[in-house]
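The values are calculated or read from the model by the stated rules, or taken from the named source; none is laboratory data. In this text the structure is predicted, and so the values were computed from the model without any measurement. Neighbour counts are summed over all protein chains in view; Cβ atoms, including those assigned to glycine, are modelled from backbone coordinates with ideal geometry. Please note that ligands, DNA and RNA were not included when accessible areas were found on the heavy atoms of the full protein model with its side chains. Shrake-Rupley method; radii C 1.70, N 1.55, O 1.52, S 1.80 Å.
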Amino acid sequence: MSVAAPVLLALDTATDRVHAALAVGAAVQALDLPGGAQASAQLLPALQGLLRDAGLTWSDLDAIAFGSGPGAFTGLRTACSVTQGLALGADCPVIVLDTLMAVAEDARQQAPQDCAPGDTVWVLQDARMEELYVGAFTWDGADWQVAQAAQLWPLTEPIARWAQVSQDTAKDLHLCGNALQAYPDRFATLWPLGVTVMGETAAPRGGALLALAQRAWARGDTVDVALALPRYVRDKVAQTTAERRAIAQAPRHIDRLMTEADIPAVLEMEQAACVHPVHAWTEDNYRSSLRSGYWMRVRCEVDGGRIVAVCVAMDGVDEIHLLNIAVARAQQGQGIARALLGLLYERCLARQASLLWLEVRPSNERACALYTREGFVEVGRRKGYYPAPDGREDALVMRRNIDLGGTARAMD
Ligand SMILES: CC(C)(COP(=O)(O)OP(=O)(O)OC[C@H]1O[C@@H](n2cnc3c(N)ncnc32)[C@H](O)[C@@H]1OP(=O)(O)O)[C@@H](O)C(=O)NCCC(=O)NCCS
């Protein structure tokens, strides 16, 4: 066969589908079949059918291209070993394809408008176990350049990275991959930012595999069959009982100082956490507290860094005033507020502050229950202290005495 019109066979079983295609020059025949457990049984007859329909035999192939992953462990082994067996038999070289790049190419082929040179497409594929296979590829006008090689991300990472980007940055963010369909709720906060979804149904389809294979062929980018290897990014799929236990017991959160950069995420978290948005602190409240050097802590998820709680307090001479505490709605009732109050009691001990003060809306039953259980007692009431949806609302003034003898036990 001539270099200009190679006969290329391409296949990918990294997802739960079998994708395969045959190109005889510019003529392409593609297949998309159920995969998973059926992949190994489906693949060879499907490939044989493609060749038969084109009136060709194995020995007519110039090269065999396969999606090397990342993806399902068994699927990657199936694609690789079938390719090796066929390439050995056909005595032809192998083209190793990046499955995530094939998804980006499929998204480009499906998009109503072609990518502009310089566009970077992020591919997010479902890796199960609350994880994603992620890669980024920049279109140079004729081919893809790898902007970020395949990585394994926690499912929370895209939101942690992108939920606070400016609208200008967001419009340059092109996303595709089956994770967008598998976890629509997990990405929902990105859509109002104007992020571009290039192809929720993008997949390593035959047409995309062949486009990559043809470019690789033109570059002479083929390898000997012995060098065809799957691309694993998850080191280990099976965990021992001890490892599973260690993971379950590992801390899921860390506490750190709040900074100005945290303000947008904290505002969003608190607005959603409060019974009414008018109860939440404003941007000005946080900015002036930061300027005043108040004690400000955020609790973040270890995976992805998402902020799940905030706590602000003001030091006095021998007392501390709790100014604000909020826990993300989805994380409430798990003891997070109580744990943050525990940090404040420690601070009281460290600063020899024998009183901890706070104000709370009488209508805020959750907060009142929390403080009462924690040993705070009502010592006064400020009339019309808080803005409320229908005017003003009183504040209950609550106080907890701290035993400076060593334990943070309430003395009331
Ligand atoms: C009030 C708030 C901070 C509590 O946070 P949290 O992490 O859910 O609280 P915890 O899980 O630590 O719960 C501690 C105690 O709070 C009370 N509490 C928590 N969730 C509650 C609920 N759904 N209903 C009633 N009481 C509740 C309980 O007394 C609980 O003690 P228990 O577990 O022994 O029953 C949280 O609901 C919140 O962020 N609300 C919006 C912001 C706000 O109102 N902040 C207070 C400003 S003064």
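With a Förster radius of 22 Å, plug the Cβ-Cβ distance of Asp284 and Asp315 into 1/(1 + (r/R0)^6) and report the FRET value to the nearest 0.05.
Working: r = 21 Å, r/R0 = 0.95.
Efficiency for this residue pair is about 0.60.
To the nearest 0.05, what FRET efficiency results for Asp255 and Thr57 with a Förster distance of 56 Å applied to their C-beta separation? Efficiency, from the Cβ-Cβ distance: 0.25. Using the Cα coordinates of the chain, the gyration tensor eigenvalues translate into equivalent-ellipsoid semi-axes of 59, 22, 16 Å, sorted from longest to shortest. Multiplying the residue separation of Asp114 and Asp32 by 0.36 nm and subtracting their alpha-carbon distance yields 27.2 nm. Surface composition of the chain: carbon plus sulfur atoms hold 51% of the accessible area, using a 1.4 angstrom probe and ignoring ligands, DNA and RNA.
Once the 1.4 Å probe is applied to the protein heavy atoms, the chain comes out at 48 Å² accessible per residue.
Taking a ≥ b ≥ c as the square roots of the eigenvalues of the Cα gyration tensor, an a/c ratio below 1.5 marks the range 252-401 as rounded. Annotation note: trypsin sites (Lys or Arg not before Pro) in the range 115-205 located in DSSP loop regions with a Cβ neighbour count of at most 16 within 10 Å are Arg128.
By the helix-only formula, in which each DSSP H run with n ≥ 4 contributes -39500 (n - 2.57) and the sum is divided by residues, the chain has a 222 nm mean residue ellipticity of -9500 deg cm²/dmol.
Loop-resident trypsin sites (Lys or Arg not before Pro) (DSSP state other than H, G, I, E or B) in the range 311-412 with no more than 13 further Cβ atoms inside 10 Å of their Cβ: Arg409. Each other residue within a Cβ distance under 12 Å of Trp144 adds +1 if Lys or Arg and -1 if Asp or Glu, for a net charge of -4.
Based on every Cα atom in the range 101-199, Rg and the maximum pairwise Cα distance Dmax equal 12.6, 36 Å.
Could you order peptides 215-223, 130-138 by the average number of other Cβ atoms within 10 Å of their residues, highest first?
Working: 215-223: 15.0, 130-138: 21.7.
Ranking the peptides 215-223, 130-138 by packing returns 130-138, 215-223.
With N counted as the residues of the range 106-145, its alpha-carbon radius of gyration over 2.2 N^0.38 Å works out to 1.34.
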